[in-house]
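So the structure is just underneath, and the comments pick up after that.
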Amino acid sequence: MTVAFAPAPLFTGSDWDFSLINRIYETVEPIALQEMKLNIYPNQIEIISAEQMLDAYSSIGMPLFYKHWSFGKQFVTNEMLYRKGLRGLAYELVINSDPCINYLMQENSATMQTLVIAHAAFGHNHFFKNNYVFKQWTDAEGILDYLEFAKRYIAQCEERYGQLAVERVLDAAHALMNQGVHRYPRIRPRDMKAEAEREAERQAYRDRIYDDLWRTVPVGAKAASVPRDERRAALGLPQENILYFLEKTGPRLDSWQREILRIVRLIAQYFYPQRQTKAMNEGCATYTHYRIMTILHDRRWITDGAFMEFIQSHTNVVYQPTFDSGHFGGFNPYSLGFGIMSDIERICMDPTPEDRDWFGDIAGSRDPVEVLKDIWANYRDESFVSQFLSPHLIRQWRLFQLLDRESESELRVEAIHDERGYRRIRRALAREYDIARQEPDIQVVDVDLAGDRTLMLEHAVTDGVVLDASDAAMVLQSLANLWGYEVALSEVDAESRKELKNHRCQPQPGWIG
Amino acid sequence: MHIVDRRLNPGGKSLVNRQRFLRRARAYVSQAVRDSLKDRSIKDLAKEGEITIRRDAIHEPTLHRAGKGGNRERVLPGNREFLEGDRIKRPDGGGGAGSQPGEGEDQDDFRFALSREEFLDLFLDDLELPDMAKKKLVSGKIEGVRRAGYSTLGNPSNLSVPRTMQKAMSRRIALRRPSGRDLSRIEEAIAEIEARTTPLADDAVTLERLREERAHIIRRRNLIAYIDPVDLRFRRFEPVPRPVAQAVMFCLMDVSGSMTAHMKDLAKRFFALLHLFLSRCYEQVDVVFIHHTDRAAEVDEDTFFYSTVTGGTLVSSALDKLIEVVKERYSPSDWNIYVAQASDGDTLASDNARVVSLMQDQILPFCQYFAYLEVGREEFASIEAATSTTGLWDAYAPVSDSHRNFAMRKVSHRREIYPVFRELFQRRGVGERTHA
């Protein structure tokens with residue numbers, strides 16, 4: 001391309017206005033949709049102030065949310081870090097909804113707005129729409145309506161039953177949020193809008209048929225004891241989704257309390273895909289913005305100065321400190337995702353013999369975006385790392401694996417970046433991204449229906465790592481309160497079935513009602 | 001693609017959540033606020049401030065694997081020296097390779113910036129001035145506006161639409177403005193006649209009459225406006241003077257040789273609390289600092305606390321000064337007068353009779369509240385302080401028994417200041433609560 005035919009840059013300097021944002025979007029869009037062939041939800045771009053960004057941050061990034069003190073705690077933390085200058089605000093926030101909502105901060109420079117549009121409005125948006133985990137679990141169309149419903153419902157409950165009573169249920173539900181997801185798509189994802197309507201109907205029906213007389217009907221004799229297997233089958237046990245179990249079978253909960261558990265559970269489920277695809281999601285957005293910004297610069301839509309500004313923030317985003325640097329806090333998902341994706345591009349365009357051995361199907365395919373789109377659609381972090389972390393990257397990042405055995409006084413270097421280590425390191429790193437492995441496997445196993453209704457849970461302990469005792473005690477207290485009777489959690493070694501530890505907890509009197 | 005400008009949307013969506021968090025953390029926050037009494041001067045105390053509470057004060061527990069124990073493996077970047085099979089010493093503390101990934105959470109304590117209001121609310125939670133009857137309400141200061149009916153003139157933003165429409169309607173009815181329905185009825189009749197293919201005999205006449213009538217209606221409708229400027233009504237507001245209550249606080253301190261720095265510090269804390277408290281109840285609080293040895297003088301805050309004057313002790317001199325200043329500047333009919341006196345109680349026995357008579361005959365009658373704080377040495381055990389008495393204490397004791405607006409307490413450690421203050425100013429009538 002000769003300079004004579006180059007278009008004038010979209011902007012010089014850092015100021016922006018609405019028409020510029022429009023022009024930027026219209027320049028970026030064809031690159032993303034026609035050249036990269038991304039498939040996105042329609043975009044909605046919202047300009048917000050830094051304060052509003054802080055607000056949005058504190059409700060898990062959602063534009064509307066029910067009220068709860070823990071979001072206030074979030075806000076105070078974020079605000080403090082921001083004020084002390086310890087942490088900048090994210091430049092963007094994007095919501096997996098249809099249309100896809102992108103927040104742009106007014107404080108951003110024109111370059112940053114371009115970057116954010118490329119990153120969020122196209123990168124994240126494409127990922128949300130195409131990745132199988134999101135497709136399976138989230139209802140982008142219904143989420144905002146559902147949150148609206150949740151907010152209203154919880155506010156109504158506060159009016160009816162008092163803020164404190166609602167807060168207690170929410171606190172307890174939040175403590176069990178991570179145990180409130182279905183990990184396997186056994187139950188079909190719901191249409192969240194219809195869900196909200198259904199609940200309104202249920203409530204109306206309950207109001208209609210409410211008859212106080214029923215309260216006075218004498219309760220029948222205690223049910224005869226049922227064989228264990230039959231009982232477990234009837235209760236749908238074992239059940240890993242504790243919130244679901246409580247909602248369906250908790251004997252002492254009011255219907256509004258069940259509905260709150262349901263709300264917390266559905267929201268946890270909505271965010272579950274994000275937890276499983278953090279590195280990929282950020283990698284996808286970062287790869288997309290990098291590619292788009294480079295194209296913009298090549299075609300002279302943005303100036304050298306703007307490109308330098310972009311490179312600087314890009315570099316900050318993908319910076320990965322080494323383990324001994326003092327800044328190390330685990331792998332940076334941006335860095336990991338973008339690193340592997342750029343490496344895939346290299347393998348497609350310019351493979352070495354080693355790459356051909358390892359990645360026969362994609363090496364030299366010359367079409368990295370097609371390959372990546374397939375990956376973005378069909379993998380989550382764990383499978384992504386276990387398939388695409390290449391020896392080249394393992395060497396480049398100088399990865400090594402440490403083993404920490406309780407019985408030994410020293411750590412052992414189990415594998416390093418050499419021929420013998422590649423596969424082991426890759427497998428081990430993939431395991432770190434396997435949520436099902438990182439989070440304790442806790443299931444409801446039985447209920448003592450004939451006796452005192454004790455709820456029995458089991459933690460299948462792997463690698464001898466038991467639960468954090470003080471937190472477990474607090475969560476079990478919440479669980480017992482919701483259940484209404486005693487709760488017993490037994491920590492059992494997954495292989496030997498030997499019981500390692502055992503917690504019991506009684507509900508606090510007067511907690512319910 | 002839509003662009004929406006949300007910047008003008010109200011911010012502060014988290015405000016409710018923040019307040020709920022504050023409420024939840026109330027016990028911790030209150031403690032922190034009370035601790036912040038250290039190192040603030042009397043007048044600074046009421047400013048907004050930052051307080052810190054421990055992060056684990058409000059912990060949200062989850063079920064997660066313990067940070068230690070068991071067998072773990074971890075992949076790390078940046079190996080420069082290790083070979084497979086190398087052994088490394090376990091790093092100290094939970095960090096490094098021993099902890100779970102994702103546990104690098106920020107463990108900073110919370111720091112709140114409390115507004116002045118929030119700060120005072122927490123600080124003075126539960127306190128109330130005794131005998132809050134304000135003797136004099138000074139008027140004259142314009143404070144606010146209140147609604148004052150409707151007027152025919154005003155600012156467009158104050159237009160009262162319902163009232164205007166009401167006026168317009170009554171005018172339309174009074175002047176018999178034909179309604180739209182009248183018009184359309186005539187027009188329908190005309191149209192009906194016009195539409196007839198075979199006209200009836202008197203159609204031409206009727207038609208003419210109807211047309212005339214229509215013209216008449218249209219004319220009247222044009223003449224009599226739907227809404228006329230005379231209908232306009234505006235909401236009217238008028239400024240209202242609000243009473244301003246004022247108070248003066250006298251700080252009396254003994255600075256004789258026997259008063260140690262520690263005692264002055266105790267006194268300062270007490271005065272600070274009192275000032276804070278008064279500035280919350282009154283819009284205007286004057287502070288008068290009087291220190292005395294065997295002579296009394298009115299001084300500024302710095303001198304009050306840090307001057308090195310020394311000498312004998314004559315409590316009556318301070319009381320004389322107090323009476324003098326009140327007569328000069330703070331007429332008891334205009335001001336609510338509060339006095340706080342701090343002393344180690346070491347006084348000339350010959351002075352006591354005069355002190356008692358000044359108190360009973362002159363000061364207590366014009367005072368809202370007189371608090372006497374006897375400060376003791378830090379090293380004095382509180383038992384000793386409780387059993388032994390001083391000259392001034394003995395002199396004051398009968399006065400205290402006979403006057404509700406006089407209270408006296410002993411303090412020898414700064415941790416006792418706040419409880420004593422609360423005790424002195426606790427809400428009366430709700431039973432004499434004694435807990436701090």
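The values are calculated or read from the model by the stated rules, or taken from the named source; none is laboratory data. Note that the coordinates shown come from a computational prediction; the quantities given were computed from them, not determined experimentally. FYI the Cβ positions are ideal-geometry reconstructions off the backbone, even for glycines, and counts take in every protein chain you see. Accessible surface is based on the protein model in full, side chains and every heavy atom, while ligands, DNA and RNA are left aside. Shrake-Rupley method; radii C 1.70, N 1.55, O 1.52, S 1.80 Å.
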| task | Would you mind checking the tilt of helix A:163-175 against the longest principal axis of the Cα atoms of chain A, expressed as 0 to 90 degrees and rounded to 10? | result | 70
| Which translational diffusion coefficient, to the nearest whole µm²/s, is obtained for segment A:246-307 from the Stokes-Einstein equation, given a Kirkwood hydrodynamic radius over C-alpha pairs, 37 °C and 0.692 mPa s? | 212
| remark: With the 1.4 Å probe rolled over protein heavy atoms, the protein assembly as shown has an accessible area per residue in Å² of 48
| query | log₁₀ I(q)/I(0) of the protein assembly as shown at q = 0.04, 0.05, 0.07, 0.08 Å⁻¹, via Debye over equal Cα point scatterers, no solvent, to two decimals? | reply | -0.34, -0.52, -0.89, -1.02
| remark: Output row A,B: buried area (accessible, probe 1.4 Å, summed both chains) in Å², nearest hundred, equals 7600
| field | Helix-only mean residue ellipticity at 222 nm for chain A, each DSSP H run of n ≥ 4 adding -39500 (n - 2.57), per residue, nearest 500 | value | -15500 deg cm²/dmol
| query | From the phi of every residue in segment A:379-392, what ³J(HN,Hα) in whole Hz does the Karplus formula 6.51 cos²θ - 1.76 cosθ + 1.60 yield, where θ is phi - 60° and glycine or proline is x? | reply | 10, 10, 3, 5, 5, 4, 5, 6, 9, 10, 6, 9, x, 4
| field | Average other protein chain Cβ within 10 Å of Cβ, residues A:75-82 | value | 5
| query | Can you give the average number of partner chain beta-carbon atoms within 10 Å of each beta-carbon in peptide A:451-463, as a whole number? | reply | 1
| request: Could you work out the mean projected area of the convex hull around the alpha carbons of segment A:18-139, in square nanometres to one decimal? | output: 8.3
| query | From the cross-link list B:Lys68/B:Lys89; A:Lys278/A:Lys501; A:Lys73/A:Lys129; A:Lys248/A:Lys278; A:Lys73/B:Lys268, which pairs have alpha carbons spaced over 27 Å apart? | reply | A:Lys278/A:Lys501; A:Lys73/A:Lys129; A:Lys248/A:Lys278; A:Lys73/B:Lys268
| Between helix A:192-209 and chain A: long-axis angle, C-alpha atoms, 0 to 90°, nearest 10 | 20
| task | Alpha carbons only, please: Rg and Dmax for segment B:204-260, in angstrom. | result | 38.6, 120
| A:Trp511: accessible area at probe 1.4 Å, nearest 10 Å²? | 30
| task | Return a whole-number percent for the relative contact order of chain A, with Cα pairs under 8 Å and 6 or more residues apart as the contact set. | result | 15
| message | How much length would be gained if the chain were fully extended between A:Asp324 and A:Glu419, taking 0.36 nm per residue of separation minus their Cα-Cα distance, in nm to one decimal? | response | 31.8 nm
| said: Taking amide H atoms as placed 1.01 Å from N in the peptide plane, list the residues 5 or more away in sequence, or in a different chain, whose amide H sits under 5 Å from that of B:Thr347. | reply: B:Gly391, B:Leu392
| field | Diffusion constant of segment B:212-359 at 37 °C, which comes from Stokes-Einstein with the Kirkwood Cα-pair radius and 0.692 mPa s, µm²/s | value | 170
| field | Cα principal axis extents for segment A:352-500, largest first, Å | value | 67, 42, 24
| Carbon/sulfur fraction of accessible area - the protein assembly as shown, other protein chains in place, 1.4 Å, % | 50
| message | Output needed: percent of Cα pairs per 10 Å distance bin for chain A, bins running from 0 to the one holding the longest distance. | response | 3, 15, 24, 25, 18, 10, 4, 1, 0, 0
| query | By how many degrees, 0 to 90 and rounded to 10, does the Cα axis of helix A:255-276 deviate from the longest principal axis of chain A? | reply | 30
| field | Threshold 40 Å², segment B:1-21 residues less accessible with all protein chains present than alone (1.4 Å probe) | value | B:Met1, B:His2, B:Ile3, B:Val4, B:Arg6, B:Arg7, B:Lys13, B:Ser14, B:Asn17, B:Arg18, B:Arg20, B:Phe21
| query | Under a 5 Å amide H to amide H cut-off, with H placed in plane at 1.01 Å, what residues pair with B:Asp286 once short-range neighbours are removed? | reply | B:Ala247, B:Val248, B:Met249
| query | Once you average over the residues of A:391-402, how many Cβ atoms of partner chains fall within 10 Å of each Cβ? | reply | 4
| field | Longest exposed-site-free window of chain A, the sites being GluC sites (Glu not before Pro) in a DSSP loop that have at most 13 other C-beta atoms within 10 Å | value | A:108-405
| request: Show the residues, 5+ positions off or on another chain, whose built amide H is closer than 5 Å to the amide H of A:Leu38. | output: A:Leu33
| said: With +1 on the Cβ of every Lys and Arg and -1 on the Cβ of every Asp and Glu, and nothing else charged, how large is the dipole of chain A about its Cα centre, in debye rounded to the nearest 20? | reply: 780
| said: Just to verify a number: FRET efficiency for B:Leu159 and B:Arg220, C-beta to C-beta distance, R0 = 25 Å, to 0.05? | reply: 0.40
| task | Could you compute the FRET efficiency for B:Tyr150 and A:Ala194, with r as their C-beta to C-beta distance and R0 at 51 Å, rounded to 0.05? | result | 0.50
| request: Can you tell me the relative contact order of segment B:219-287? Whole percent, Cα pairs under 8 Å, sequence separation 6 or more. | output: 46
| message | If you filter segment A:456-513 for trypsin sites (Lys or Arg not before Pro), then keep DSSP loop positions with at most 14 other Cβ within 10 Å, what is left? | response | A:Arg497, A:Lys498
